[in-house]
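Remarks on the structure that follows.
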2 protein chains.
Amino acid sequence: MHPLLKQNIERTIAQTLPADSEKIFAELLLEQVFQKGDFLAEEGKPCHAIYFITQGAACAYFLDAKGEKNAMQLALEGHWISDLSSFFSGQAAMYSIEALEPLKVLVLKKENFTKASQAFPFFDRLFRILIQNAYVSLQQRLAKTNAESAENRYLAFVKQYPDFVQRIPQYLIASYLGIKPQSLSRIRKAMAHTK
Amino acid sequence: MHPLLKQNIERTIAQTLPADSEKIFAELLLEQVFQKGDFLAEEGKPCHAIYFITQGAACAYFLDAKGEKNAMQLALEGHWISDLSSFFSGQAAMYSIEALEPLKVLVLKKENFTKASQAFPFFDRLFRILIQNAYVSLQQRLAKTNAESAENRYLAFVKQYPDFVQRIPQYLIASYLGIKPQSLSRIRKAMAHTK
DNA sequence: CGTCTATTTGAATGTACTCAAAAGCGGTGG
DNA sequence: CCACCGCTTTTGAGTACATTCAAATAGACG
């Protein structure tokens with residue numbers, strides 16, 4: 001089992017992963033590779049898998065009325081990414097997921113997830129906690145969007161995800177923060193001055 | 001078992017609730033009543049329960065730097081409300097939950113949740129789906145906050161939650177939408193004109 | 001090197017905010 | 001029943017922050 005995944009799961013459930021669970025898990029996962037610009041999922045089509053990134057960067061976004069990309073999720077290695085709504089409901093995905101760098105992922109397909117979920121209650125628990133954590137992060141992100149200035153949001157982002165700043169295009173970070181790329185550029189300029 | 005709760009659970013898991021599960025569930029829940037202005041949870045203290053509202057209205061909010069209430073969740077009868085982060089982690093709550101009307105709730109205490117979760121995998125599944133749905137709604141709310149004007153956000157809110165508009169104070173709806181009460185007042189005025 | 005995309009910069013505009021005050025509404029007690 | 005109080009909503013005027021439109025510069029990639 002990939003060390004990043006093991007680490008991710010153990011941090012999630014706050015206990016070491018039993019050897020048998022580890023084995024079962026490994027059997028359910030499929031390794032896959034994507035080129036930069038490839039899509040792991042596409043808006044409008046069902047998203048049948050959850051991806052764990054072992055190498056590279058990816059982004060889940062939707063296109064707004066003007067055709068601009070709006071990032072909902074940004075992820076580097078060590079993170080999960082998917083359109084969970086589509087994954088669980090089977091409906092069309094609201095987001096496209098695109099590789100921003102050459103990407104290596106572990107794929108958990110819906111059918112394997114369902115199988116495992118029925119056989120091992122452990123899976124429902126793991127995914128309940130994963131989604132729970134995602135939900136809490138999202139709440140905090142929304143709270144900041146409503147209560148903080150664009151500049152403070154960017155400062156908090158840099159602090160929380162320093163690696164992302166280096167590797168994710170600025171226009172995607174801008175949309176993730178709910179601002180326009182031009183505005184983010186000006187904010188960065190102003191910050192460079194003050195420092 | 002309260003019909004609103006039964007309905008809520010069956011809609012969540014997309015199947016009728018087995019009679020035995022219903023019985024078990026009913027034993028885990030405690031009825032409780034609050035006056036308008038009472039707190040179900042307080043920012044800074046752990047939140048030990050999840051509440052299902054059977055009558056009345058409630059709001060989960062945090063206080064920003066200026067001491068203004070920022071609504072994270074609004075709920076009428078038929079909805080669940082809690083600070084899930086605090087409930088699951090045991091840490092201090094980020095939100096206060098306040099009764100906006102005389103309130104009747106069914107209380108699911110942490111200890112009962114844990115007991116049930118270990119005895120019946122059904123519970124992990126139910127709560128995984130509940131949180132999953134909450135997560136998806138939150139994503140959509142964030143997407144709208146970033147991509148839509150204040151007016152469109154309010155229009156969408158009115159369409160999605162017509163009952164809330166009648167019963168929740170405007171300044172809380174405003175903060176839920178990420179705008180100031182004065183601005184919401186002006187938006188409503190402009191809408192009345194155009195109609 | 002040339003093309004395509006991302007980022008920066010400038011100037012003008014606009015949406016929502018701030019500060020301030022008035023009006024409306026609901027509850028309480030004289 | 002009316003007067004008063006506190007809180008919510010409305011309105012007005014001025015402001016600020018981020019946006020738009022447009023163009024120039026910088027970077028990535030074949």
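The values are calculated or read from the model by the stated rules, or taken from the named source; none is laboratory data. On a predicted model such as this, the values are computed, not experimentally measured, just so you know. Note: ideal-geometry Cβ built from the backbone for every residue, glycine included; neighbour counts use all protein chains shown.
What the table below lists for this structure:
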| read-out | value |
| --- | --- |
| Restricting segment A:165-174 to residues that are within 12 Å of DNA strand D (Cβ to nearest atom) and away from every other protein chain (no Cβ under 13 Å), the residue that is nearest to A:G67 (Cα to Cα) | A:Y171 |
| Pick from segment B:107-127, criterion basic (K, R) and in a helix (DSSP H, G or I), ranking: nearest to A:F88 (Cα to Cα) | B:R125 |
| Complete set of residues in segment A:135-165 that are farther than 22 Å from B:E148 by Cα and within 11 Å of DNA strand C (Cβ to nearest atom) | A:V165 |
| Matching residues in segment B:1-33 - criterion: being closer than 13 Å to B:T54 by Cα and assigned to a helix (DSSP H, G or I) | B:P3, B:L4, B:L5, B:K6, B:Q7, B:N8 |
| Subset of segment B:57-68 (residues that are modelled with pLDDT of 95 or more and either facing another protein chain (nearest Cβ under 9 Å) or surrounded by fewer than 19 Cβ atoms within 10 Å (Cβ to Cβ) (or both)) | B:F62 |
| Sole residue being modelled with pLDDT of 95 or more and more than 14 Å from chain B (Cβ to nearest Cβ), chosen from A:A92, A:A75 | A:A75 |
| Residue, nearest to the other protein chains (Cβ to nearest Cβ), within segment A:95-131, restricted to residues that are over 14 Å from the mean Cα position of the chain (by Cα) and among the polar types (S, T, N, Q) | A:S117 |
| Members of segment B:175-185 found to be surrounded by fewer than 16 Cβ atoms within 10 Å (Cβ to Cβ) and either more than 7 Å from DNA strand D (Cβ to nearest atom) or on the phi > 0 side of the Ramachandran plot (or both), listed by number | B:K180, B:S183 |
| So B:L172, is it crowded, with 19+ Cβ neighbours inside 10 Å, near DNA strand C (Cβ under 8 Å from one of its atoms) and not charged (D, E, K, R) | no |
| Segment A:23-71, subset at positive phi and more than 16 Å from DNA strand C (Cβ to nearest atom), residue farthest from the chain's Cα centre (by Cα) | A:G44 |
| Out of B:I131, B:I97, sole residue that is in contact with a helix residue (DSSP H, G or I) (Cβ under 7 Å, 6 or more places away or on another chain) and either in contact (Cβ under 8 Å) with a residue 40 or more places away in the chain or within 15 Å of B:M72 (Cβ to Cβ) (or both) | B:I131 |
| Criterion violated by A:A192 - all others in (1) free of Cβ contacts under 8 Å to residues at least 24 places away in the same chain; (2) under 19 Å from A:A99 (Cα atoms) satisfied | (2) |
| Filtered residues of segment B:144-164 (kept if within 17 Å of B:M72 (Cβ to Cβ) and either away from DNA strand D (no atom under 14 Å from the Cβ) or more than 10 Å from chain A (Cβ to nearest Cβ) (or both)) | B:K144, B:R153, B:F157, B:Q160, B:Y161, B:F164 |
| Residue within segment A:125-139 that is within 12 Å of DNA strand D (Cβ to nearest atom) and of a type in the set (F, W, Y) present | no |
| Residue in segment B:175-195 that is farthest from DNA strand C (Cβ to nearest atom), counting only those that are away from chain A (no Cβ under 14 Å) and small (G, A, S) | B:A192 |
| Residue within segment A:71-86 that is touching a Ser or Thr at 6+ places or on another chain (Cβ under 7 Å), within 16 Å of DNA strand D (Cβ to nearest atom) and touching a residue at least 40 places away in the same chain (Cβ under 8 Å) present | yes |
